[in-house]
Amino acid sequence: MHGRSEVNGQGFLAAVADIGRQPFHAADVAVVIAHPDDETLGCGALLSRLKGVHIVVVTDGAPRNLADATRHGFADADSYSHVRTAELVAALGEAGVAPAAITRLRVPDQEVCRNLTAVTQALRDFFKSQGIATVLTHAFEGGHPDHDATAFCVHAAARLLDRDAPEIVEMPFYHLGPGGGMCLQEFCDGDENCVLFLDAAERALKGRMVACHATQRDTLRPFALDLERYRPARAYDFEALPNGGRVLYAQYDWGLSPPDWPRLAREARLALATEAAAWA
């Protein structure tokens, strides 16, 4: 296995890209995702190689408007959240990740953007207590507001940690393309650093993980199971809309109107500036 000191930053991506697909030590690696199932879409095949990895799920997977819950036959958000958590545990089990590796922040689905400060502080404390050197998380791409908010919080937590900040590796999920359609599993700017083309065993693993998320079957169906993309995170201006202002969630009732995002990001930055003066 690769050693701990070898897998941060570009060393981590070099280990990921290893054509021998060797497992490596990842007790100082955290995968921080917004929803149960994001772990499968973003890095499902890779997870089986990350020995000792931490999984942090920011939301409980259950929007409080109950539209998703009732569509899947649940009467309340708690019941839906419980099932989504069980699906997450089963999917991670396929990749050899134990339930003890999962940390749930339990923010209501679609509400991370209104809890930026608290989530940032929770992530800062987690990264510090666990000695996290590398974080895999969402790209800032304007797909889902919880994804963008999670990206903000990871970057902000790293900023608060200053010299002890982990390096951030990002994964694409979906964004609004120039022609108005949804682009899946590609970075907005087309720039990529590390692409894993999955072999038959990896595709089968990812397929089993997707199947564990039974309530999300229709949502996950369009996503490809044959590749995963990673790159060092960009230095974003989080107080501007991502993707040149083309924001997919403007088309959906997902808890955030795009014009509200810059204000919420700025308010969180100012609140956190008391802990990181450089952000003032």
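The values are calculated or read from the model by the stated rules, or taken from the named source; none is laboratory data. For clarity, every value in this text was computed on a predicted model and none was experimentally measured. Every residue, glycine among them, receives a Cβ derived from its backbone with ideal geometry; neighbour counts consider all protein chains shown.
For the reader, a short list of remarks on this structure follows.
- Of residues in the range 124-155 being within 17 Å of Gly42 (Cβ to Cβ) and among the polar types (S, T, N, Q), the one surrounded by the most Cβ atoms within 10 Å (Cβ to Cβ): Thr150
- Flag for Ala69 being under 19 Å from Cys153 (Cβ atoms) and either among the small types (Gly, Ala, Ser) or at pLDDT below 95 (or both): no
- The residues of the range 145-190 that are on the phi > 0 side of the Ramachandran plot and of a type outside the set (Asp, Glu), listed by number, are Gly180, Gln185, Gly190.
- Taken over the range 256-278, the criterion of being small (Gly, Ala, Ser), part of a loop (DSSP other than H, G, I, E, B) and under 22 Å from Pro108 (Cβ atoms) is satisfied by Ser257 alone.
- Number of positions in the range 69-87 that are touching a residue at least 12 places away in the same chain (Cβ under 8 Å) and assigned to a helix (DSSP H, G or I): 8
- Top-ranked residue of the range 17-59 - restricted to ones that are of a type in the set (Lys, Arg) and touching a helix residue (DSSP H, G or I) at 6+ places or on another chain (Cβ under 9 Å), ranked as nearest to Ala133 (Cα to Cα): Arg49
- For the range 141-149, the criterion of being charged (D, E, K, R) and outside any helix (DSSP H, G or I) is met by at least one residue.
- Taken together, Cys212, Cys194, Cys183 contain a single residue that is free of Cβ contacts under 8 Å to residues at least 24 places away in the same chain, surrounded by 12 or more Cβ atoms within 10 Å (Cβ to Cβ) and of a type outside the set (Gly, Ala, Ser), which is Cys183.
- Scanning the range 48-68 for residues that are closer than 16 Å to Pro36 by Cα and assigned to a helix (DSSP H, G or I) yields a count of 1.
- Residues within the range 168-180 that are part of a loop (DSSP other than H, G, I, E, B) and crowded, with 17+ Cβ neighbours inside 10 Å, tallied: 2
- For the range 119-143, a tally of residues being over 18 Å from Ile55 (Cβ atoms) and either in contact with a helix residue (DSSP H, G or I) (Cβ under 6 Å, 6 or more places away or on another chain) or aromatic (Phe, Trp, Tyr) (or both) returns 5.
- Residues of the range 224-250 classified as closer than 21 Å to Asp37 by Cα, assigned to a helix (DSSP H, G or I) and out of contact with any strand residue (DSSP E or B) (no Cβ under 6 Å at 6 or more places or on another chain), total: 1
- Test set (1) of a type outside the set (Asp, Glu); (2) part of a helix (DSSP H, G or I); (3) closer than 16 Å to Gly255 by Cβ; (4) out of contact with any Pro (no Cβ under 7 Å at 6 or more places or on another chain) - Gln121 fails condition number: (3)
- Residue pairs meeting the criteria (Cβ under 9 Å; at least 6 apart or on separate chains; first among the polar types (S, T, N, Q) and assigned to a helix (DSSP H, G or I), in the range 9-30; second at pLDDT below 95 and surrounded by fewer than 18 Cβ atoms within 10 Å (Cβ to Cβ)): Gln10/Asn193
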